[in-house]
Every structure is written in C-alpha cells, then in structure tokens.
Amino acid sequence: MSVNLKRIHHVAYRCKDAKETVEFYQRVMGMDFKLAIAENEVPSTKAPDPYMHVFLDAGMGNVLAFFELPNSPEMGRDGNTPEWVQHIAFEVEDMDALLAAKAHIEAEGLDVLGPVNHGIFKSIYFFDPNGHRLELAANTGTEEQMAELKRVARPMIEEWSQTKRAPKHAAWLHEQD
C-alpha cells in the first residue's frame, strides 16, 4: 500500500512577529487570515514553549502557516544555502496578473526582481518581513513542452546523480526570450 495524499494540508515557516506577518500577507498577497492557534506547551513534545501559529489561505485549499516563537533565539537562515534557493512560490493566473502584482508589490515599497524567464513560466521575486524569499509565477509553457520535460525527467536525474553537472536534455528552456 502506498500513501494516498489529498493535498498539502499546510506548510509552516517561522516568523519574527505573527501580527506583522499576517498583516503583510493580507495586504501584499491578498491572503485571508484563516485561524490562529496558541499554546504555552508544544502538543507533540510537551515542551514548555509558548507559540503563536497562524494560518493563511494561499488559494485552492492551500494553506501557508507561520510560528512565532518568543522564547527561542532570534531566527536566522541557513548560512550554507544560497538566499535564492529556499523560497515559497505562488502561481498567478497569467502574465497580466504577474505584471499587476509586481506593480502592487513595488507600490508597497518592496524591491522586486523580474520577471525572470524560466522557459515554461516567468517569475518575480521579493522578500517578506521575515526574510523569506517569495516568488510569483505565471505559467507560459505549452502542453508539448511539459510533456517533453516529463519525458526527460528520469534521464536528467540519473545523469545528474552521476556527474553533478547540468544535463542538456532541457537546455531549450534557457534558449528562449
């Protein structure tokens, strides 16, 4: 028997200030604040560690959650991982929505990188108040392109596993305007 997943229930990250984080995601990202759970003891470990756990609606049943942990050392990031690697990516409807979102986010006073062309989607990037990198992506790929990427996925991962160099099976992704 294999695991029968329905969807991601929620993805949780740490935040510096739960109220500031909720307000940012409501104002900048248009997310609905779904619920908050606060305890003075961790349910799974019974450790005495107060927390605020907030849940935001990321659309289509997807939930983004944050923990504020006032008794833990100040949050940081993994210094061994480049800043661009760990990020939260959200899909928008199309390129018009992506460009409108970019204008809105810049009007909030945030620096926005992009759109960056990834061949089958275009993205913009910016940071939330906690230092989490966010991405908004508009799909631009065709069914044929997606089918080709699926076809070469296994050979690519096998070659990467042996060489640790980028396989050329999908080099066409980066040859487009």
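Each reported figure results from applying straightforward, stated rules to the coordinates on display, with no laboratory input. Just so we're clear, the structure is a prediction, and the values are computed from it rather than from any experiment. Don't worry about glycine lacking a Cβ; one is built from the backbone with ideal geometry, like all the others, and counts go over all protein chains shown.
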* If you add up the charges near PRO48, with Lys and Arg at +1 and Asp and Glu at -1, over every other residue whose beta carbon is less than 14 angstrom from its beta carbon, what do you get? -> -2
* Folded to 0 to 90 degrees: helix 18-27 orientation relative to the chain principal axis, Cα -> 50
* Asked: What FRET efficiency, computed as 1/(1 + (r/R0)^6) with R0 = 22 Å and r the Cβ-Cβ distance, is obtained for ALA147 and ASN117, rounded to the nearest 0.05?
  -> 0.65
* To do: Report, ordered by chain and residue number, the lysines lying within cross-link reach of LYS168, taken as a straight Cα distance under 23 Å and ignoring same-chain residues fewer than 8 apart.
  => LYS122, LYS150
* Computed FRET value (nearest 0.05) for HIS174 with MET60, which takes r as the C-beta separation and R₀ as 22 Å -> 0.15
* For segment 43-135, state the semi-axes of the equivalent ellipsoid (square roots of 5 times the eigenvalues of the alpha-carbon gyration tensor), sorted largest first and rounded to whole angstrom. => 30, 16, 13
* Structure fact -> Quick calc, LEU35 & ALA100: beta-carbon distance into FRET formula, R0 30 Å, rounding 0.05, result 0.55
* Asked: If you count, for each residue, the other Cβ atoms within 10 Å and average over each peptide, how do 13-25, 81-93 line up from highest to lowest?
  -> 13-25, 81-93
* Residues of type lysines that LYS46 reaches as a straight line, Cα spacing below 27 Å, ignoring anything fewer than 8 places off in the same chain -> LYS16, LYS19, LYS34
* If the chain between GLU108 and MET75 were fully stretched, how many nm would it gain, using 0.36 nm times the residue separation less the Cα-Cα distance? -> 9.5 nm
* Structure fact -> Yeah, segment 87-139 with a ≥ b ≥ c from its alpha-carbon gyration tensor (a/c under 1.5 is rounded, else prolate when a/b outruns b/c, oblate otherwise) is oblate
* Taking volume of the Cα convex hull per residue in Å³ as the quantity of interest, determine which of (i) 186; (ii) 124; (iii) 112 was computed from the displayed structure. => (i)
